[in-house]
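Student: Here it is, the structure, as structure tokens.
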Amino acid sequence: MTALLSVQGLRVEIAARHRVLTAIDDVSFDIAEGEILGVVGESGAGKSVTGTAVLGLLERPAYQAGGRIIFAGRRIDTLDEDAMRTLRSRQIAAVFQDPLTSLDPLMTIGDQLVETMQTHLDLARAAALARAEQLLAEVGIPAPRERLQSYPHEMSGGMRQRVVLALAFCCEPRLIIADEPTTALDVSIQAQILDLLRRMCRERGTAVMLVTHDMGVIAEASDRVAVMYAGRLVEIGPTRDLIAAAAHPYTRGLMASIPDMHRRAAELTQIPGSMPRPDAPVPGCAFHPRCPQALARCATDRPAMLPQGASQVACWLVDAASRSAA
Amino acid sequence: MAANDTILSVDRLTVRFDASAPLLKRLVTGAGRRIVHAVEEVDFEVARGSTFALVGESGCGKSTIARTIAGIQPPTAGSVSFMGVDIAGFRTRHAAMPYRRNLQMIFQDPYASLNPRWRIGRIVAEPILTHALMTPGAALKARVAELLETVGLSPGDAGKFPHQFSGGQRQRISIARALASNPAFIVCDEPTSALDVSVQAQILNLMKKLQRELGLTYLLISHNLAVVAHMADRLGVMYLGRLVEQGDAAQILGRPLHPYTRLLLDTVPDPRAPGRARPRLSGEVPSPLAPPAGCAFHPRCPLADARCARERPQPVRVGAALVACHAVEERRLPALTSEQECLSSPGDAA
């Protein structure tokens, strides 16, 4: 199957006052049609920047310094602003963390949906209104006809995020970039929103890049996971494999540091130290100063993505293991 | 629980906020008063040296309780008794000082809770000077250095400013400041929810170590049930300003009784069980401006009947827990499903 989105060797740099910082360093991944790819990592790992780059929304001082982004067989990172805006509205939609900042506080929900659809689809106002009502019903908003008249401030956080999803789906996009879509919500509402996202994808074949820091959300919603660390991809593979047996020491440490609801340990496993900042990059593997199993070459050579089962892992330990097996 | 073991006792605590329009506007428009029922008749006790956790969704009143106990928010009714004295009754800051020394707080956002213009040494020394425990000088400097080492920072950090630290390090500074006056009790309001999981693990481990070494008592406010499961000895589950279930943390997390607790536990995404089909909690929390009659949870409860809509349930004792639910009282609670049971099986003993 060909990939709907293919990110190849993406490199994003930030021009600081006296030097250039690397935010994303050689990141490659594919998303297939109808697939949900979770992108997970800690703050500053570069997961949101990756999403922003795919959307073509990088702003100075950040810029794409290398690599290619291919969407539906067409290279999109070289498109001009107008072509990119058309693509963003019709084919690639975005859902952000805070629904209040994604909605216009001075427009009714109905007007926002109608405006979006009329801008990008050839629809009369009456038809757009009918479709808006149907969309609100689909995302689980009670009394959708009355709600078309509501302003964002009249709705709860969960309801607003449903409206944002309706906006994202209104032009039937092929790809949705969802950046922490449930982080601002309570768990019971979070579960409802994730269900909704998953159902809409199954029904419409929409692909999703789900950016989150929450492994629980990843386990719940994604088909595959990409783990990012210090601007690099360290591991990518099927969600089940990665959770059952993560290969990269960072992924393993991350999983172990999450408190377990059902088995209380005297002490949580912690990863010593913290992630290197972009102004103090680490040679070799970016994780080696914190890695309990680091080898000598980890401090000097950057590991390439190596196959491990159905996953790919950037770790010399995997290389060493496969060599000793051979 | 013997009375002398109880360090904090909250008795029928009620906090209401007046969110009405101004008087003149009410007279003109004929609108009534609007009262936010943030906390309603909450009772609980915290034993010395233990961790009591309050959990619930946003708006359930858990942070209001924390602020009332810390003396930031006066109660509308009821009392908060700390080390045998009703701290809600203090009229002046001065009278409250000896108790404040023993009761400190750690806040959620380590970026907002440290003065960006103060050096770390001054931030950590402030409670010591406020409570006149020491005078400025070499001894105070040594004490600050000792506090910074206790939380895993270096004594040299005293000369730095907050912006030079990461979120996790800032939360360590908050903890050092909270420890500065040698308190017996620390209110922790979402201490790790602004942090990444690997940093969260560092902070939780530090909090547990300090509790062991210094005999601290924690009131932990959190929406994260996994954090609560890791930290709490006793647990109170709040819904719309009321405690619906409280008691032994292992029992409540292992064998939840109140339908809200059960549904809350079911909706938590579990990173160790990918693709688990979770039963869904439908609807949303009603507004605390107009809480439903009877049991506040009845509009969302699968077991609600006519009595639940009419009559507010009173807490009844079941094992090591107190549960406010008619269905529990009338024994019409369904048995736990096999999936819920498997949650409870493996060693929940601390």
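The values are calculated or read from the model by the stated rules, or taken from the named source; none is laboratory data. Just so it is clear, the structure is predicted and the values come from calculations on it, not from any experiment. When we count neighbours, we look across all protein chains shown, and the Cβ atoms used for this are built from the backbone with ideal geometry, even at glycine. These accessible areas exclude ligands, DNA and RNA; they are computed on the full protein's heavy atoms, side chains included. Shrake-Rupley method; radii C 1.70, N 1.55, O 1.52, S 1.80 Å.
Student: Which one of the conditions (1) assigned to a helix (DSSP H, G or I); (2) out of contact with any strand residue (DSSP E or B) (no Cβ under 9 Å at 6 or more places or on another chain) does B:L114 fail to meet, given that it meets all the rest?
Tutor: (1)
Student: Then there is this: Can you find even one residue in region A:122-133 that is over 26 Å from the mean Cα position of the chain (by Cα), among the aliphatic types (A, V, I, L, M) and part of a loop (DSSP other than H, G, I, E, B)?
Tutor: yes
Student: Filter region A:198-211 down to the residues that are out of contact with any Cys (no Cβ under 8 Å at 6 or more places or on another chain) and either crowded, with 24+ Cβ neighbours inside 10 Å or modelled with pLDDT of 95 or more (or both), then identify the one that is farthest from the other protein chains (Cβ to nearest Cβ).
Tutor: Applying the filter and picking the extreme gives A:M209.
Student: Ok, one more. Identify all residues within region A:241-272 that are facing chain B (nearest Cβ under 9 Å), over 29 Å from B:R212 (Cβ atoms) and surrounded by fewer than 19 Cβ atoms within 10 Å (Cβ to Cβ); write none if there are none.
Tutor: Once the filter is applied, which keeps residues that are facing chain B (nearest Cβ under 9 Å), over 29 Å from B:R212 (Cβ atoms) and surrounded by fewer than 19 Cβ atoms within 10 Å (Cβ to Cβ), region A:241-272 yields only A:A244.
Student: Does A:D82 satisfy being away from every other protein chain (no Cβ under 14 Å) and outside any strand (DSSP E or B)?
Tutor: Spelling it out, A:D82 is indeed away from every other protein chain (no Cβ under 14 Å) and outside any strand (DSSP E or B).
Student: Among (1) within 14 Å of another protein chain (Cβ to nearest Cβ); (2) open to solvent by 20 Å² or more (accessible area, probe 1.4 Å); (3) not small (G, A, S), which single condition is A:T52 missing?
Tutor: (1)
Student: Answer yes if at least one residue in region A:285-299 is within 24 Å of B:L204 (Cα to Cα) and part of a helix (DSSP H, G or I), and no otherwise.
Tutor: Taking every residue of region A:285-299 in turn, at least one turns out to be within 24 Å of B:L204 (Cα to Cα) and part of a helix (DSSP H, G or I).
Student: Please go through (1) at the interface with chain B (Cβ under 9 Å from one of its Cβ atoms); (2) within 12 Å of A:L37 (Cα to Cα); (3) surrounded by fewer than 22 Cβ atoms within 10 Å (Cβ to Cβ) for A:P238 and return the number of the only condition it doesn't satisfy.
Tutor: (1)
Student: Among the numbered criteria (1) among the aliphatic types (A, V, I, L, M); (2) open to solvent by 20 Å² or more (accessible area, probe 1.4 Å); (3) touching a helix residue (DSSP H, G or I) at 6+ places or on another chain (Cβ under 7 Å), which one does B:A139 miss?
Tutor: Unmet condition: (3).
Student: Could you please give the count of residues in region B:167-206 that are within 14 Å of another protein chain (Cβ to nearest Cβ), among the β-branched types (V, I, T) and either more than 24 Å from A:D214 (Cβ to Cβ) or under 19 Å from the mean Cα position of the chain (by Cα) (or both)?
Tutor: Final tally of qualifying residues: 2.
Student: Quick check: anything in region A:152-175 more than 17 Å from A:M107 (Cα to Cα), under 26 Å from the mean Cα position of the chain (by Cα), among the basic types (K, R) and more than 14 Å from chain B (Cβ to nearest Cβ)?
Tutor: yes
Student: Helices (runs of 4 or more DSSP H) wholly in region B:207-317 with at least 2 residues that are within 12 Å of another protein chain (Cβ to nearest Cβ) and in contact (Cβ under 8 Å) with a residue 60 or more places away in the chain - which ones? Write out each step before concluding.
Tutor: Working: elements: B:225-231, B:249-254, B:259-267, B:306-310.
Answer list for region B:207-317: B:225-231, B:249-254, B:259-267.
Student: Sort out which residues of region B:38-70 are part of a strand (DSSP E or B), of a type in the set (V, I, T) and more than 14 Å from chain A (Cβ to nearest Cβ), and write them in order of number.
Tutor: B:V39, B:V42, B:V46
Student: Return the residues of region A:55-97 that are surrounded by fewer than 17 Cβ atoms within 10 Å (Cβ to Cβ) and over 20 Å from A:R174 (Cβ atoms); say none if nothing qualifies.
Tutor: Those that are surrounded by fewer than 17 Cβ atoms within 10 Å (Cβ to Cβ) and over 20 Å from A:R174 (Cβ atoms): A:E59, A:R60, A:P61, A:Y63, A:A65, A:G66, A:D80, A:E81.
Student: Still on this structure, please answer the following. Could you list, in sequence order, the residues of region B:258-312 that are open to solvent by 50 Å² or more (accessible area, probe 1.4 Å) and modelled with pLDDT of 85 or more?
Tutor: B:P291, B:A293, B:P299, B:P302, B:D305, B:A306, B:R307, B:R310, B:E311, B:R312
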